[in-house]
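Everything on this sheet refers to the single structure shown next.
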Amino acid sequence: MRLWVWPFLVLGLLGFWALRPPGVSFRLEGQGLRYLREGVSLYTGLCRPSGKAEAAVLLVPGGFGPPTEAMEERCRRYAEKGFLAIVPHLRGRGQSGGRVTGCLEEAADLAHLARLLPQLGVKRHAYAGYSLGACVALRAAAREGASRGVAFVIGPVDFAEQVALLRQSRPEALRRWREVFGGLPEDCPACYAQQSPLPEAARLRAPLLILQGGNDPLIPPTQACSLRDVREASGRRVFQVALTREGMPWTGPLTKGRACLRPTGFGPLGEDHLVLFPDLHHAVVPAMEALVERFLVGWLKP
C-alpha cells in the first residue's frame, strides 16, 4: 500500500469510531451482525428484504436456549414483507457470549443493538418479544426510547410466581432457575424482584400490545392484568379484548384469574391493548401471530 494512502485510511477509521454509539462496536458476520457491549461479544441474525428497508422488527426469543426454527420462520416472513427482521441471540445463548441473566443484561444488550439500527439505514423499529423475550423486549424499548411499539407475547412480570408454579408442574426445571437467578425466591427475593419489567413498563412511551393465554400454566392472566394496571397508572388507556384461539370474539364467561380482564373492544393501534385468549395455554397460535403482525405493520408505517 502506498504511504500517501495511510492518512486517509486512518481518518476513515477514526470517523467510523467517532460515529458509533459510545462503548459499542459492530460488524456484519455471515447472515447476521456481531457487536460488543462491555466486552461481551453478542450476535444477532438478520433477515434482509429484497429492497431497501427503513423499518425493522426485532423478534426476541424466549427461554434459555438459542432461537428456535419458529423464530427463524418469523424472521423470514417479516423480511418478505419488506422489513429488516432481527432475531438476537441473547447473551449466553446460541452464538452470543456472556452469561444468562434472565431479563437484566439481556435488555441492556438489546437496547444497545437498537441504537445501532440507524447505521444500517433503519429509521423506525418495533419489538415483538415471546415468553421471557417479551420481558427483555419491554425493558429494552423503555431504555432506548425510540421504539414505535412493543408486542409482549405470553411474557412474565412476576418471576417468583413462576417458580411457585414450576414447583408443582416441572420441579426438574428449578435447577436451571437456581443457576440463572442465583437461587430460588426464598434464597434471594431481591434477585427475582429486580427481574420484573413493571418499573420499565411505567416509563415506556410507545404503545404496548399484551397477548396472554387464560390457561397458561406458567404465567397466569393476572400477571398480564398487573402489567395493564401499571400502564393505566402511568396515564395510558388500555383497550381490552377476549378472543378464542381462532381469533373470534369470546362469548363465554371469564372465570378465576381471567376475570381480571375488563373487555372494551379494540381501539386505535396507537393505544395499548390487552388481548386475552381464555382457553389457551402457554402457546402462540396463528390468531396471535396475526395480531402481532397487524400492530407491528401499523406502528412502522412512515
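Here are some notes:
- Breaking point among (1) part of a loop (DSSP other than H, G, I, E, B); (2) farther than 25 Å from Arg93 by Cα; (3) open to solvent by 30 Å² or more (accessible area, probe 1.4 Å), for Ala206: (3)
- Cβ pairs under 8 Å, 6+ apart, first in the range 257-276 and closer than 11 Å to Gly214 by Cβ and open to solvent by less than 30 Å² (accessible area, probe 1.4 Å), second at pLDDT 95 or above and part of a loop (DSSP other than H, G, I, E, B): Gly257/Gly214; Gly257/Pro220; Leu261/Leu254; Leu276/Gly214; Leu276/Trp250; Leu276/Leu254; Leu276/Leu261
- Qualifying residue in the range 96-115 (condition: surrounded by fewer than 18 Cβ atoms within 10 Å (Cβ to Cβ), of a type in the set (Asp, Glu) and over 12 Å from the mean Cα position of the chain (by Cα)): no
- Among (1) closer than 16 Å to Gly129 by Cβ; (2) outside any helix (DSSP H, G or I) - the single one Arg143 does not satisfy: (2)
- Checking the stated criteria, Ala128 turns out not to satisfy the condition of being touching a strand residue (DSSP E or B) at 6+ places or on another chain (Cβ under 9 Å), of a type outside the set (Val, Ile, Thr), buried (at least 22 other Cβ atoms within 10 Å of the Cβ) and assigned to a helix (DSSP H, G or I).
- Residue list for the range 45-74, restricted to those being aliphatic (A, V, I, L, M) and either closer than 11 Å to Gly133 by Cβ or open to solvent by less than 20 Å² (accessible area, probe 1.4 Å) (or both): Leu46, Ala53, Ala55, Ala56, Val57, Leu58, Leu59, Val60, Met71
- Residues of the range 172-201 that turn out to be within 28 Å of Lys256 (Cβ to Cβ), open to solvent by 50 Å² or more (accessible area, probe 1.4 Å) and either touching a residue at least 60 places away in the same chain (Cβ under 8 Å) or of a type in the set (A, V, I, L, M, F, W, C) (or both), as a count: 1
- Within the range 220-235, the set of residues being surrounded by 23 or more Cβ atoms within 10 Å (Cβ to Cβ) and in a loop (DSSP other than H, G, I, E, B) comprises Pro220 only.
- Residue that is of a type in the set (S, T, N, Q), under 15 Å from Cys135 (Cα atoms) and either assigned to a strand (DSSP E or B) or free of Cβ contacts under 8 Å to residues at least 60 places away in the same chain (or both), where the choices are Gln168, Gln162: Gln162
- Test: residue in the range 22-35 that is modelled with pLDDT of 95 or more, under 21 Å from Tyr127 (Cα atoms) and in contact with a helix residue (DSSP H, G or I) (Cβ under 7 Å, 6 or more places away or on another chain): yes
- The condition of being part of a loop (DSSP other than H, G, I, E, B), open to solvent by 30 Å² or more (accessible area, probe 1.4 Å) and closer than 28 Å to Val163 by Cα holds for Ala283.
- Residue in the range 142-155 that is over 12 Å from the mean Cα position of the chain (by Cα), farther than 22 Å from Arg27 by Cα, of a type in the set (S, T, N, Q) and surrounded by 19 or more Cβ atoms within 10 Å (Cβ to Cβ) present: no
The values are calculated or read from the model by the stated rules, or taken from the named source; none is laboratory data. What you see is a predicted model, and the numbers here were worked out from it, not measured in a lab. Note that we place each Cβ from the backbone using ideal geometry, even for glycine, and neighbour counts take in every protein chain shown. Surface accessibility is based on the protein's heavy atoms, side chains included, excluding ligands, DNA and RNA. Shrake-Rupley method; radii C 1.70, N 1.55, O 1.52, S 1.80 Å.
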